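Please read the structure below before turning to the comments.
The values are calculated or read from the model by the stated rules, or taken from the named source; none is laboratory data. Bear in mind that the values here come from a model prediction, so they are computed numbers and not experimental data. Because the Cβ atoms are built from the backbone with ideal geometry, glycine has one as well, and the counts that use them run over all protein chains shown. All accessible areas refer to the heavy atoms of the entire protein, side chains included, with ligands and DNA or RNA removed. Shrake-Rupley method; radii C 1.70, N 1.55, O 1.52, S 1.80 Å.
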Amino acid sequence: MIVICERCQSRFRLDENRIKAGTKSFTARCSRCRHVFTAYRPVRIQEIPFVDLSAAKHVARKGNTIAVSNQKGGVAKTSTCLNLGLALTRLGKRVLLIDFDVQANLSILLGSQETTSFYDVLQKGPQAMAQALVETPYPDMWLLPASKSMVLLNKKYFGADDYEFILNDRLNLVKARFDFILIDTPPSIEFFTLNALTASDHVIIPTQCDYLSTHGVDQILGIIDLIRRKTNPAVEARILVTMYNEEETAARVIQAKLKELYRGRLYQTIVPHDSRLREAQIMSMPVYHYDQQSRSGQAYMDLAREITESVERAG
Ligand SMILES: Nc1ncnc2c1ncn2[C@@H]1O[C@H](COP(=O)(O)OP(=O)(O)O)[C@@H](O)[C@H]1O
Ligand SMILES: [Mg+2]
């Protein structure tokens, strides 16, 4: 199993036979920074209640589960989930948003007070997944909220056999109810992002046009390649330029560079930098509801059309 130091994040391989049989947690000391912490034995997937994982791997996909992912923080992952989700409902689609980030920013923006999250879903039987989905203030938009206890998922399951399929497996129980499922992911990789990428048909990689952006895009594309070889051969990724300021020379230069480097892998839609979106977030609102004419609200509508058209073409 893999043990991760909770202070310096160093990873160590540990022979599970060295841990006393029957113990779920144990005290570990990091050989790099000497920090002493509680580590958890990964739960075998078969021990999670009532789910036939072998079946989950073969469930037919509808091409509508989309992870929004980039290891870089602050690139508009959460804003894209919320505003694209809302735009899809305006096109008549039923949308489920999954807040798969312990920071729970998406849940906060949607005013969710729920404490039930994917962590609680895994402690109960399969019916718990449908029960954990909450209605949002917006018609046809549902949310699986995040909670602080989700931090334990990484500790409990990361490194267990087939742990990357846990979300995929539970999503299959509710997929038929939705036209689109959008998964918001944290900047780190580990349990959450690997599960989200394994459960998805598409990945949106939001990026700003700044100096380090191509580096972040390269990193996540590398991880998606790994996922394609390991757990999800059909997953596809596209890059979404966000917070674009066409008046900035640097932004124009980097956008041209991104187009050249990732030819054919960029969405045509570009989301402009828009103070209306920030204002909308203060009011905990999708920007389209705050100001229908806003440039970012219109851009997310364009993105929703681009995505639905490409899914319909592929189907
Ligand atoms: N199109 C935009 N125009 C202006 N500000 C934006 C836009 N998109 C996102 N932001 C702001 O950028 C910040 C980071 O966005 P967020 O969605 O939280 O990123 P991430 O989830 O990748 O960390 C937030 O303060 C958000 O309001
Ligand atoms: Mg976020």
Roughly how many percent of the accessible protein surface of the chain is carbon and sulfur, given a 1.4 Å probe and a whole-percent answer? 49 percent
I'd like the FRET efficiency for K24 and R94, computed as 1/(1 + (r/R0)^6) with the beta carbon distance as r and R0 of 35 Å, rounded to 0.05. 0.35
Report the percentage of all Cα-Cα pairs in the stretch 99-144 whose separation exceeds 13 Å, rounded to a whole percent. 54 percent
XL table K93/K230; K175/K259; K124/K155; K24/K148; K124/K148; K72/K148; Cα-Cα > 29 Å flagged, in table order, is K93/K230; K175/K259
Per DSSP, loop chymotrypsin sites (Phe, Trp or Tyr not before Pro) in the stretch 118-222 with at most 16 further Cβ within 10 Å: Y211
Suppose accessible area is computed on protein heavy atoms with a 1.4 Å probe; arrange K24, K230 from highest to lowest. K24, K230
Mean 1/r over all different Cα pairs, inverted: what Kirkwood radius does the chain give, in Å? 20.3 Å
Report relative contact order for the chain in percent, whole number only (criteria: Cα-Cα under 8 Å, sequence separation at least 6). 20 percent
Quick one: longest stretch of the chain between exposed loop GluC sites (Glu not before Pro), exposed meaning at most 12 other C-beta atoms within 10 Å and loop per DSSP? 1-245
For the chain, which cysteines have no disulfide-compatible partner, meaning no other cysteine Cβ under 4.7 Å? C81, C209
Going out from 0 in 10 Å bins, what whole percent of all Cα-Cα distances in the stretch 2-41 drops into each bin? 31, 57, 12
Around V217, what is the net charge, scoring Lys/Arg as +1 and Asp/Glu as -1 over all other residues with Cβ under 14 Å from its Cβ? +3
Calculated from DSSP H runs of 4 or more alone, at -39500 (n - 2.57) each and per residue, what is the 222 nm mean residue ellipticity of the chain, nearest 500? -11000 deg cm²/dmol
